2 protein chains.
Amino acid sequence: MAPGAVSGKSKVTIVGSGNWGSVAAKLIASNTIKLHSFHDQVRMWVFEETLPSGEKLSDVINRTNENVKYLPGIKLGKNVIADPDLENAVKDANMLVFVTPHQFMDGICKKLVGKVNKDVEAISLIKGMEIALEQLSEATVGYRENKDIAENWVQLFTTPYFIVTAVQDVEGIELCGTLKNVVAIAAGLVDGLEMGNNTKAAIMRIGLKEMKALSKLLFSSVKDSTFFESCGVADLITTCLGGRNRKVAEAFAKSGGKRSFDDLEAEMLQGQKLQGVLTAREVYEVLSYRGWLELFPLFATVHEISIGHLPPLAIVKYSEYKPRLSLVCKL
Amino acid sequence: MAPGAVSGKSKVTIVGSGNWGSVAAKLIASNTIKLHSFHDQVRMWVFEETLPSGEKLSDVINRTNENVKYLPGIKLGKNVIADPDLENAVKDANMLVFVTPHQFMDGICKKLVGKVNKDVEAISLIKGMEIALEQLSEATVGYRENKDIAENWVQLFTTPYFIVTAVQDVEGIELCGTLKNVVAIAAGLVDGLEMGNNTKAAIMRIGLKEMKALSKLLFSSVKDSTFFESCGVADLITTCLGGRNRKVAEAFAKSGGKRSFDDLEAEMLQGQKLQGVLTAREVYEVLSYRGWLELFPLFATVHEISIGHLPPLAIVKYSEYKPRLSLVCKL
């Protein structure tokens, strides 16, 4: 049994202290202080930095109760303790919340081998949300079998302004999170072509349908109902209204496909790669390998447009695809 | 057998010649001329008007092939014949497409009693779309039992830029069309409160879920899959992005609820009543009568806000509703 659980209370450590990590800490700390099944204290591992003032970031967080660099102006709660020592930060925890940038996860996990409690539970928060300002937002916690563990996490995160739901469909939730970025590219193309809300809504719906159909083809366990959760239709809407995938695709279409995605990424994202374009390529490879290209005209078309084989306008030329679409409809 | 069907070919008449009626005529005429199962000619009943030039509207349409008043600049197709005589326009038809404003339907139907063929099929197009410019758009044809009849209508409407799907769920489709306006009010309130896309997407998703749950409670025949069709998620998105319900609700929230919907309707809609507000009241009455108010916090809250019993901000205060929401999730 983990030390944190000796008393029967769960002890939470946040691994990461960027913008979204700090938001998670604030939100979780407001719950652990209220709920009897959690230790009040929440430890937050801080990748140490020296601020322009010469002070250490972790010291300033502990003194001011604010992450002055990544979430200025928001009090984290006095029960949040910043800790620059990763090993020390996790050693007593029996619930770990990972909120570091994706590319650091690998290195961090390697450092944690043998350092965490055997029965530790972990959750990964992939995307940021605007909830530090206490505006209504939502999230989905995926789980495989143990509903109690999932409900414990739900308890930890739920606040009056943050609705969290446990869904027994890990694959469905993860595929929603990945595939929505491809649909966002399609939505951005429609924006760039200035085709209006009807067309955009149609593309988003067809995208949602392809997300569902592909997920179910890949994993028979995937449930239709998952796509009605926040990870499905709500995240899709958010990503297609805002988001960098949509934005860069809009610029791509405005240029008539003359500027490449590589080019626009370099300019608009300082060289970071666009998730939706990478995912569209991976999806295309899977579809191609399995002989499913004709079943997923939207996904296929996004990739073909992104590599310059089709013009941006192809995203709304579904005439030739109509018979294919009806196949997807049956899934 | 209807005269139009003697040859085995279907004969189509459009009842109505406003903006959307003219769009429907153009779209249908482009199909009847290509499909062997339809007569080329499409008759369009025109509510006769005298134009400023002194000419009759129907004469000008037949001369120029354009509805110069309601769809200027768009050729309807030479096989569209404008006919100001309702009885004459329908007498040979075996497929009727109704596209008049809602309030005229009653009078028109009374005039048609005994004047139409016994085996005539009819369809009603309730909402307008932006397809005259040939931008990709979608629609759903609902049917009860006869899939062949539904597919015949699908054939008549489908074009490369207009994706039409037949769905065996009349009640589901109609409830989507009605209830989405209540969700649009909620989305407009979020816009007025300037709460951002995450919150708006969350509200739209919760609204979609309540739409599905209420439809299924009212009619056990309603299918989940209907909400993935264009009548479901796509229409909902369109209505929550644009649309008058959203717009007036935004203004209402911006005023802090100080100006009434009646007032704003008078100013912004020249006194026309907002569909979403009327529907919210009807839904509230049904929920109240059946003891379901707690199951549908979003629908209930929209009504309570619209009559001034709750402030606009109540739309995102779901804390007290959380236990209720989880009930809806099970439906």
Query raised in the report: B:LYS56 passes all but one of (1) open to solvent by less than 10 Å² (accessible area, probe 1.4 Å); (2) modelled with pLDDT of 95 or more; which number fails?
Result: (1)
Requested in this report: Out of the residues in segment B:214-230 that are under 30 Å from B:GLU265 (Cβ atoms) and open to solvent by less than 10 Å² (accessible area, probe 1.4 Å), state the one that is modelled with the lowest pLDDT.
Outcome: B:SER230
Report task. Tell me the strands (runs of 3 or more DSSP E) entirely within segment A:39-144 that contain at least 3 residues that are of a type in the set (Gly, Ala, Ser) and closer than 20 Å to A:THR13 by Cβ. Result -> none
Query raised in the report: Is at least one residue of segment B:165-177 open to solvent by less than 10 Å² (accessible area, probe 1.4 Å), at pLDDT 90 or above and under 28 Å from A:THR239 (Cα atoms)?
Result: yes
Requested in this report: Name the single residue, out of those in segment A:145-166 being outside any strand (DSSP E or B) and touching a helix residue (DSSP H, G or I) at 6+ places or on another chain (Cβ under 6 Å), that is farthest from B:LYS317 (Cα to Cα).
Outcome: A:LEU156
Query - Selection status of B:ALA249, within 22 Å of B:LEU293 (Cβ to Cβ), modelled with pLDDT of 95 or more and assigned by TED's automatic domain parsing to the domain that holds B:ALA314 - result: yes
Report task. Among residues belonging to segment A:286-317 that are within 16 Å of A:GLU210 (Cα to Cα) and not in a helix (DSSP H, G or I), point out the one that is least open to solvent (accessible area, probe 1.4 Å). Result -> A:PHE296
Requested in this report: Answer yes or no as to whether B:LYS200 is among the basic types (Lys, Arg), within 24 Å of B:ASP148 (Cβ to Cβ) and free of Cβ contacts under 8 Å to residues at least 60 places away in the same chain.
Outcome: no
Query raised in the report: Does A:LYS9 meet the test of being open to solvent by 10 Å² or more (accessible area, probe 1.4 Å) and modelled with pLDDT under 95?
Result: yes
Query - Only listed residue being at the interface with another protein chain (Cβ under 7 Å from one of its Cβ atoms) and under 23 Å from B:LYS209 (Cα atoms), chosen from A:ALA201, A:ALA213 - result: A:ALA201
Query raised in the report: Any chance segment B:221-240 includes a residue that's free of Cβ contacts under 8 Å to residues at least 40 places away in the same chain and more than 8 Å from every other protein chain (Cβ to nearest Cβ)?
Result: no
**Report entry** segment A:250-285 - residue that is among the aliphatic types (A, V, I, L, M) and open to solvent by less than 50 Å² (accessible area, probe 1.4 Å) and, of those, nearest to the chain's Cα centre (by Cα)
**Finding:** A:LEU274
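The values are calculated or read from the model by the stated rules, or taken from the named source; none is laboratory data. Not measured: the values here are computed from a predicted model. Methodologically, a virtual Cβ is constructed for each residue, glycine included, from the backbone with ideal geometry; neighbour enumeration extends over all protein chains shown. All accessible areas refer to the heavy atoms of the entire protein, side chains included, with ligands and DNA or RNA removed. Shrake-Rupley method; radii C 1.70, N 1.55, O 1.52, S 1.80 Å.
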